[in-house]
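> Questions regarding the structure given below will be posed in turn.
The values are calculated or read from the model by the stated rules, or taken from the named source; none is laboratory data. Keep in mind that this is a model prediction, so the values were computed, not measured. For neighbour counting, all protein chains shown are included, and Cβ atoms are generated from backbone atoms with ideal geometry for every residue, glycine included. Side chains are part of the model used for accessible areas, which takes the heavy atoms of the whole protein and leaves out ligands, DNA and RNA. Shrake-Rupley method; radii C 1.70, N 1.55, O 1.52, S 1.80 Å.
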Amino acid sequence: MGQGLGPGRLGRVLISRGEVAARVGELGRAIRRDYTKRSPLLVGVLKGAIVFASDLFRAVSQPSGLDFMGVSSYGAGGHSSGIVRLTSDLSVSIEGRDVIIVEDIIDTGRTIAYLRRNLATRHPRSLALCVLLDKVARREVEVPVDYVGFAIPDEFVVGYGLDYNGFYRNLRDIAVLDPTAVS
Ligand code: PRP
């Protein structure tokens, strides 16, 4: 995200904090059911997934682990180049582990395609993906998604970990940024 840019202006709430909490609870229960007697490692993708990953981790409420990876994709003018780079790595080995990648949003699919390839080389026992928001219309790379919170339209959304110029990650609702007021 660019430095010194403004916060834009918030538009309507797309998904309220109550709807988010209810869905995260359902996803946690689904994971708990699917991973009975296993101890999955949740891998949150920095920074957008920090809020979702910490809520989901508590919703799973069974012996499980949480770790984070940082990735960035950038190009001219701050737009995604499609080239994804690892900026910070896991702190543990995932060999033989049941890994669930936890993402806040899938857009083109490039970040998750890169992460799946990268993590698969480390020989986990299984590798799944849980994403809160899926912007289906923007997909350029097909990636299998195991758990989806909400399919959303192609609008710029912020809140619950998602930012615009670094703003709004700590907003409790997920809202649309007013496209007529973007600075
Ligand atoms: C967002 C999001 C995903 C990625 C999805 O990250 O958290 O990692 O974009 O886009 P893609 O499907 O087109 O690859 P962003 O680059 O905004 O960084 P952030 O998580 O640090 O905000």
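> Out of Ala21, Ala49, Ala53, Ala30, which single residue is at pLDDT 95 or above, out of contact with any strand residue (DSSP E or B) (no Cβ under 8 Å at 6 or more places or on another chain) and within 22 Å of Ile100 (Cβ to Cβ)? Full working, then the answer.
Numbers: Ala49 fails: out of contact with any strand residue (DSSP E or B) (no Cβ under 8 Å at 6 or more places or on another chain); Ala53 fails: out of contact with any strand residue (DSSP E or B) (no Cβ under 8 Å at 6 or more places or on another chain); Ala30 fails: out of contact with any strand residue (DSSP E or B) (no Cβ under 8 Å at 6 or more places or on another chain).
Of Ala21, Ala49, Ala53, Ala30, the one residue that is at pLDDT 95 or above, out of contact with any strand residue (DSSP E or B) (no Cβ under 8 Å at 6 or more places or on another chain) and within 22 Å of Ile100 (Cβ to Cβ) is Ala21.
> Would you confirm whether any residue within the stretch 59-70 is modelled with pLDDT of 95 or more and open to solvent by 40 Å² or more (accessible area, probe 1.4 Å)? Steps first, answer last, please.
Residues of the stretch 59-70 that are modelled with pLDDT of 95 or more, as a first pass: 59-60, 65-70.
Add one more test, that the residue is open to solvent by 40 Å² or more (accessible area, probe 1.4 Å), and what stays is 66, 68.
Yes: one or more hits.
> Is there a residue in the stretch 133-143 that is crowded, with 20+ Cβ neighbours inside 10 Å and in contact with a Phe, Trp or Tyr (Cβ under 7 Å, 6 or more places away or on another chain)?
yes
> Regarding Leu14, is this residue within 21 Å of Phe167 (Cα to Cα) and not in a helix (DSSP H, G or I)?
Considered against the rule, which asks whether it is within 21 Å of Phe167 (Cα to Cα) and not in a helix (DSSP H, G or I), Leu14 comes out as yes.
> Can you confirm whether the stretch 162-170 contains a residue that is open to solvent by less than 10 Å² (accessible area, probe 1.4 Å) and within 16 Å of the chain's Cα centre (by Cα)?
no
Every residue, every condition in (1) over 16 Å from the mean Cα position of the chain (by Cα); (2) of a type in the set (Val, Ile, Thr), yes or no:
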{"position": "Ser91", "(1), (2)": "yes, no"}
{"position": "Glu95", "(1), (2)": "yes, no"}
{"position": "Ile101", "(1), (2)": "no, yes"}
{"position": "Leu115", "(1), (2)": "no, no"}
{"position": "Ala120", "(1), (2)": "yes, no"}
{"position": "Leu132", "(1), (2)": "no, no"}
{"position": "Lys135", "(1), (2)": "no, no"}
{"position": "Arg138", "(1), (2)": "no, no"}
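> If you go through the stretch 135-145 one residue at a time, do you hit one that is assigned to a strand (DSSP E or B) and free of Cβ contacts under 8 Å to residues at least 40 places away in the same chain? First the steps, then the outcome.
If we filter the stretch 135-145 for residues that are assigned to a strand (DSSP E or B), which is where we start, we get none.
No, every residue in the stretch 135-145 fails to be assigned to a strand (DSSP E or B) and free of Cβ contacts under 8 Å to residues at least 40 places away in the same chain.
> For a quick check of your reading of the model, give me the residue pairs whose first member lies in the stretch 13-39 and is under 21 Å from Ile152 (Cα atoms) and in contact (Cβ under 8 Å) with a residue 24 or more places away in the chain, whose second is of a type in the set (Gly, Ala, Ser) and assigned to a helix (DSSP H, G or I), with beta-carbon atoms closer than 6 Å and at least 6 apart or on different chains.
Val24/Ala59; Gly25/Ala59; Gly28/Ala59
> So, of the residues in the stretch 81-111 that are within 12 Å of the ligand (Cβ to nearest atom) and in contact (Cβ under 8 Å) with a residue 60 or more places away in the chain, which turns out to be most open to solvent (accessible area, probe 1.4 Å)?
Result: Thr111.
> Applying the selection to the stretch 25-56, what residues are within 16 Å of the ligand (Cβ to nearest atom), hydrophobic (A, V, I, L, M, F, W, C) and either open to solvent by 70 Å² or more (accessible area, probe 1.4 Å) or part of a helix (DSSP H, G or I) (or both)?
Filtering the stretch 25-56 for residues within 16 Å of the ligand (Cβ to nearest atom) gives 42-56.
Subsequent filtering for residues that are hydrophobic (A, V, I, L, M, F, W, C) retains 42-43, 45-46, 49-53, 56.
Passing the criteria: Ile50, Val51, Phe52, Ala53, Leu56.
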